[in-house]
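Novice: If you scroll down you'll find the structure; I have some questions about it.
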Amino acid sequence: MSVIKIGNRFVGEGKKPYFIADLAANHDGDLKRAFMLIELAKKSGADAAKFQNFKAPKIVSKKGFSNMGNMNSHQSSWDKSVYEVYKDASIPEDWTCKLKQKCDEVGIEYMTSPYDFESVDLVSPYVNAYKIGSGDITWLEIINYIASKNKPVLLATGASDIEDVERAVKTIYHKNKNLVLMQCNTNYTASAENFKYINLNVLKTYKELFPNIILGLSDHTLGHATVLGAIALGAKVIEKHFTDDNGRIGPDHKFSMNPVSWREMVDRSMELYYALGDGNKKIEDNEKETSIIQRRALFLTRDIAKGSIIYKEDLFPVRPIKEDGIPPYKIDEIVGKKVNRDLKKDDYIKWGDLVND
Ligand SMILES: C=C(OP(=O)(O)O)C(=O)O
């Protein structure tokens with residue numbers, strides 16, 4: 001697996017998890033709220049504050065959603081038409097440089113998912129990486145266009161099968177190796193049921209299929225289990241929605257993390273990151289003293305005069321073991337040897353006490 005650079009942060013193998021707070025539509029159309037959320041995201045431990053750049057006519061059909069019945073989706077709870085919701089949530093073009101400026105001021109990476117070619121170009125001077133939302137995984141033309149911008153690409157893979165993923169990865173990877181591939185379950189209902197569909201083990205499949213690609217999780221559940229599991233399975237980038245208040249009206253507030261849960265997620269994730277370690281079995285630095293006081297050395301059960309032979313019963317292993325002590329698994333190398341000086345009961349035996357053959 002490789003390492004890429006997003007702004008001033010290295011992301012990937014051996015690096016700390018990278019947390020993207022998706023502010024999405026949680027600005028509620030108010031730039032000041034967007035600024036406030038950027039500040040809160042930073043304070044809560046996010047590395048990036050992410051937005052979405054779409055224009056309603058270029059992302060959803062005006063008519064397409066009529067007569068679709070009561071589908072089991074987050075959209076079924078919306079009061080307005082899908083088109084209206086997207087229209088309200090779209091970011092005015094002149095926000096982009098202001099959001100970027102605010103992010104710079106606060107010290108957090110500005111990120112966005114552009115949903116049309118013009119938006120890709122519009123945000124280009126302001127972004128160090130591009131996010132592609134799951135819904136665009138089959139739109140190879142825009143994937144290709146984003147990949148050709150030569151900046152890291154984060155591809156979410158919700159609601160898709162492995163052929164979709166391979167097709168999109170191939171499209172990006174042949175021109176841009178700076179890719180983060182994110183497992184995602186695209187269901188925004190915040191239902192507890194969703195956990196059974198998260199399928200974190202897909203990360204294992206991705207690792208096998210794309211060993212050199214950095215993995216991530218874009219997640220819409222509440223709680224930390226998915227994030228911790230993903231990190232344990234090798235995810236280096238975590239994206240979740242972020243709001244100040246889950247009770248606000250709007251399409252994304254309900255299933256977003258808030259400053260308290262976000263901080264908790266980051267703190268627990270960092271504990272896990274450090275706890276995972278490098279996989280080399282060794283006596284760790286913080287165990288060096290414990291290994292002295294808890295391990296056994298061979299001690300003498302009686303006085304032994306110079307020139308006498310040591311028998312097995314003359315030795316018994318007890319704690320501690322000092323630097324020149326002899327561990328119990330070496331007992332057979334000592335039994336039958338002569339000692340070169342008088343030794344006392346309760347002394348520990350050293351190699352230097354033995355007569356060399
Ligand atoms: C919808 C998005 O992403 P995801 O598919 O990861 O939820 C997005 O980035 O706009």
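FYI, it's all coordinate maths here, none of it is from the lab. What you see is a predicted model, and the numbers here were worked out from it, not measured in a lab. We place every Cβ from the backbone using ideal geometry, glycine too, and count neighbours over all the protein chains shown.
Novice: With both bridge residues required to lie in the chain, what share of the DSSP beta bridges run antiparallel, to the nearest 5%?
Specialist: Bridges in the chain that DSSP calls antiparallel: roughly 30 percent.
Novice: Rounded to the nearest whole Å³, what is the per residue volume of the convex hull around the Cα atoms of the chain?
Specialist: Measuring per residue, one finds 187 Å³ for the Cα hull of the chain.
Novice: If contacts are Cα pairs under 8 angstrom and at least 6 residues apart, what is the relative contact order of the stretch 235-357 in percent?
Specialist: In percent, rounded to a whole number, it is 21.
Novice: Can you tell me what percent of all Cα-Cα pairs in the stretch 316-357 are more than 14 Å apart?
Specialist: When every Cα pair of the stretch 316-357 is considered, 47 percent fall beyond 14 Å.
Novice: At 222 nm, what helix-only mean residue ellipticity would the chain give, in deg cm²/dmol to the nearest 500, using -39500 (n - 2.57) for each DSSP H run of four or more?
Specialist: The per-residue figure over the chain is -8500 deg cm²/dmol.
Novice: Still on this model: Between residue 140 and residue 290, what length in nm is gained on full extension when 0.36 nm per residue of separation is reduced by their alpha carbon distance?
Specialist: Once the chain is fully extended between residue 140 and residue 290, it gains 48.3 nm.
Novice: Taking the simple approach of a point 7 Å from Cα along Cα-to-Cβ for both residue 268 and residue 5, what is their distance in nm?
Specialist: For the pair residue 268/residue 5, the computed spacing is 3.4 nm.
Novice: Would you kindly state how much longer the chain becomes between residue 199 and residue 280 on full extension, computed as 0.36 nm times their sequence separation minus their alpha carbon distance, in nm to one decimal?
Specialist: 26.3 nm
Novice: Related question: About the Cα centre of the chain, how large is the charge dipole given +1 on each Lys and Arg Cβ and -1 on each Asp and Glu Cβ? Please answer in debye to the nearest 20.
Specialist: Dipole of the chain, to the nearest 20 debye: 480 debye.
Novice: To the nearest 0.05, what FRET efficiency results for residue 65 and residue 117 with a Förster distance of 22 Å applied to their C-beta separation?
Specialist: After rounding, the FRET efficiency stands at 0.40.
Novice: Still on this structure: Residues in the stretch 319-356 near a label at residue 302, defined as backbone nitrogen under 15 Å from the 7 Å Cα→Cβ point?
Specialist: Hits in the stretch 319-356 for residue 302 at 15 Å: 336, 339, 343-347.
Novice: Once you keep just the Cα pairs under 8 angstrom separated by 6 or more residues, what percentage relative contact order results for the chain?
Specialist: Computed over the chain, the figure is 15 percent.
Novice: Which values of log₁₀ I(q)/I(0), to two decimal places, follow from the Debye formula for the stretch 110-179 at q = 0.12, 0.13 Å⁻¹ with a uniform point scatterer at every Cα?
Specialist: Taking Cα atoms of the stretch 110-179 as identical point scatterers yields -0.25, -0.30.
Novice: log10 I(q)/I(0), Debye, Cα-only the stretch 178-245, no solvent, q = 0.13, 0.14 Å⁻¹?
Specialist: Taken in order of the listed q values, log10 I(q)/I(0) reads -0.34, -0.40.
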